[in-house]
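See structure below.
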Amino acid sequence: MNGILASSGSGAAGLGSIFVMYAVVIGVFWFFLMRPQKKEQKRVQGMLATMEIGDTVLTTSGFYGVIIDISDEAVIVEFGSNKNCRIPMQKSAIAQLEKPGTE
C-alpha cells in the first residue's frame, strides 16, 4: 500500500514538471518568434508615420519611386522620369523609405 501512495505522489510531481516544461517552451517561442515580429511592426509603423511628399520609396514588388501624394490609407507614387507613370498604392506596399538628401 505504501508503494501505491508513493507512485501517485510522483505522478503529481511529473504532471507539474510537464506544465513547467510547456510554459518554458511557450516562453521560448514568444521570445524568438513573436517579439522580433512586434519590433518589426513598430519599425514599419514608424517609417510610414514619417512619410512625406518627395521621399523616395522602395515598394514590396521592388520598384523605386517618389511619393507625390499621401492620403490616410494610400499613397501615389511616381515611377521613373515619366511624369505620366503615377500609381496609387496602399501604404503597406512600401518596404523601405529614403528621405531626400540622405544617402
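If one takes the longest principal axis of the Cα atoms in the chain, at what angle in degrees, from 0 to 90 and to the nearest 10, does the Cα axis of helix 35-49 lie?
20
Place a +1 charge on the Cβ of each Lys and Arg in the chain and a -1 charge on the Cβ of each Asp and Glu, then give the dipole magnitude about the Cα centre in debye, rounded to the nearest 20.
380
Can you put E98, E73 in order of accessible area, largest first, using a 1.4 Å probe?
E73, E98
List the aspartates and glutamates whose Cα sits under 18 Å from the Cα of K99, skipping any in the same chain fewer than 8 residues away.
In chain and number order, the partners are E52, D55, D69, E78.
Can you tell me the 0 to 90 degree angle between the C-alpha axis of helix 2-29 and the longest principal axis of the chain, rounded to 10?
Once rounded, the angle reads 10 degrees.
If you split all Cα-Cα distances of the chain into 5 Å bins from zero, what percentages do you get per bin, shortest first?
2, 11, 15, 13, 10, 6, 6, 6, 5, 5, 4, 4, 4, 4, 3, 2, 1, 0, 0
Which value in deg cm²/dmol, rounded to the nearest 500, describes the helix-derived mean residue ellipticity at 222 nm for the chain, given -39,500 (n - 2.57) per DSSP H run of n ≥ 4 and division by the residue count?
-14500 deg cm²/dmol
Filter the trypsin sites (Lys or Arg not before Pro) in segment 24-103 to those in DSSP coil with at most 15 other Cβ atoms within 10 Å of their Cβ, and list the result. Could the numbers behind the result be given before it?
Numbers: sites: K38, K39, K42, R43, K83, R86, K91; in loops: K83.
Of the trypsin sites (Lys or Arg not before Pro), the ones in loops of segment 24-103 whose Cβ has at most 15 other Cβ atoms within 10 Å are K83.
Report the net charge of residues surrounding M51, where surrounding means a beta-carbon distance below 15 angstrom and charges are Lys +1, Arg +1, Asp -1, Glu -1.
Taking every Cβ under 15 Å from that of M51, the sum is -4.
The values are calculated or read from the model by the stated rules, or taken from the named source; none is laboratory data. As the structure is a computational prediction, the values presented were derived from the model and not from experiment. As a convention, Cβ positions derive from the backbone with ideal geometry for all residues, glycine included, and neighbour counts pool all protein chains shown. Keep in mind that these areas ignore ligands, DNA and RNA; they rest on the heavy atoms of the full protein, side chains included. Shrake-Rupley method; radii C 1.70, N 1.55, O 1.52, S 1.80 Å.
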